[in-house]
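Inspection log for the structure reproduced underneath, given as structure tokens.
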Amino acid sequence: MASAVRLSRRKLSSPSFNKGFPLAPFFRKASSSSTPPQPPPPSSKSQKKSTDRLSAAVDAIHERKLPREIRGKLSAVRSETDLVNVVEQRIWHSMEEGHFENLPGKGKPLNVSVNPHADPAEDTLYRILSKNGCAPEWVELNKEIRSNISVWRLTLRKAWETRRAGDLSKWEDSTEVLKFQIREINNKVFRYNLIVPFGRQMFGLNWEKELDRIKDESQ
């Protein structure tokens with residue numbers, strides 16, 4: 001039995017046997033057919049071409065949003081003022097042609113109960129507050145800040161009159177109180193600017209500028 005196994009091994013390893021039964025190509029084909037062929041990686045030229053086409057499409061979409069007068073002339077637009085001038089020219093041209101004469105609702109009062117440009121949730125909240133005699137926090141804080149600024153400037157004016165009268169000690173005492181109050185007002189202004197809608201922010205008070213303002217008023 002062992003001699004038969006050795007004989008079969010010799011036959012398989014002999015060149016004459018391999019010549020009659022080419023096994024290597026068979027195994028190569030079987031191994032290659034087991035894995036699907038992979039597509040070749042895209043070249044850098046094709047990637048650049050796709051990127052250029054995408055950029056051109058995006059630029060074309062943005063250009064269609066521009067007024068007809070500056071389409072294709074975007075390189076000539078130097079600032080936002082150029083766009084505003086084009087819009088104003090179109091408005092005046094439409095007014096001269098009478099496009100604003102027979103608009104729907106002409107001569108009737110405007111419906112200000114609904115703001116079409118506001119967020120629907122915020123608009124609904126503001127209308128509920130208005131019906132109940134309330135106002136948003138930033139509105140109440142705006143009133144409080146303006147009232148505090150008016151009182152503070154009146155106090156500063158009175159203290160400045162004492163300084164002009166020669167009572168420097170009272171002026172120094174008033175200065176300490178006024179500087180403390182200006183810090184409190186500016187803290188309220190900072191909190192107001194955080195909660196107020198965009199475009200309604202206000203500036204705080206500056207001690208040096210307020211003194212210059214009082215000096216100019218006193219001259």
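The values are calculated or read from the model by the stated rules, or taken from the named source; none is laboratory data. What you see is a predicted model, and the numbers here were worked out from it, not measured in a lab. Counting neighbours? That spans all protein chains shown, and the Cβs are built from the backbone with ideal geometry, glycine included.
Data table
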| item | result |
| --- | --- |
| Residue selected from region 163-177 under the condition among the charged types (D, E, K, R) and in a helix (DSSP H, G or I), by the criterion surrounded by the most Cβ atoms within 10 Å (Cβ to Cβ) | R163 |
| Single condition G107 does not satisfy, out of (1) in a helix (DSSP H, G or I); (2) modelled with pLDDT of 80 or more | (1) |
| Any hit, region 206-219, residues being of a type outside the set (D, E), part of a loop (DSSP other than H, G, I, E, B), modelled with pLDDT under 90 and more than 32 Å from the chain's Cα centre (by Cα) | yes |
| All positions within region 122-145 that are farther than 17 Å from Y192 by Cα and in a helix (DSSP H, G or I) | E122, D123, T124, L125, Y126, R127, I128, L129, S130, K131 |
| Lone qualifier among F190, F180, F203 - being part of a helix (DSSP H, G or I), within 33 Å of the chain's Cα centre (by Cα) and farther than 30 Å from N111 by Cα | F190 |
| Residues (of a type in the set (A, V, I, L, M) and within 15 Å of P136 (Cα to Cα)) located in region 180-219 | L194, I195, V196 |
| Qualifying residues in region 146-162 (those that are of a type outside the set (A, V, I, L, M) and in contact with a Ser or Thr (Cβ under 9 Å, 6 or more places away or on another chain)) - the one surrounded by the fewest Cβ atoms within 10 Å (Cβ to Cβ) | K158 |
| Residue tally, condition touching a residue at least 24 places away in the same chain (Cβ under 8 Å) and either in contact with a Phe, Trp or Tyr (Cβ under 7 Å, 6 or more places away or on another chain) or closer than 17 Å to R146 by Cα (or both), over region 185-212 | 12 |
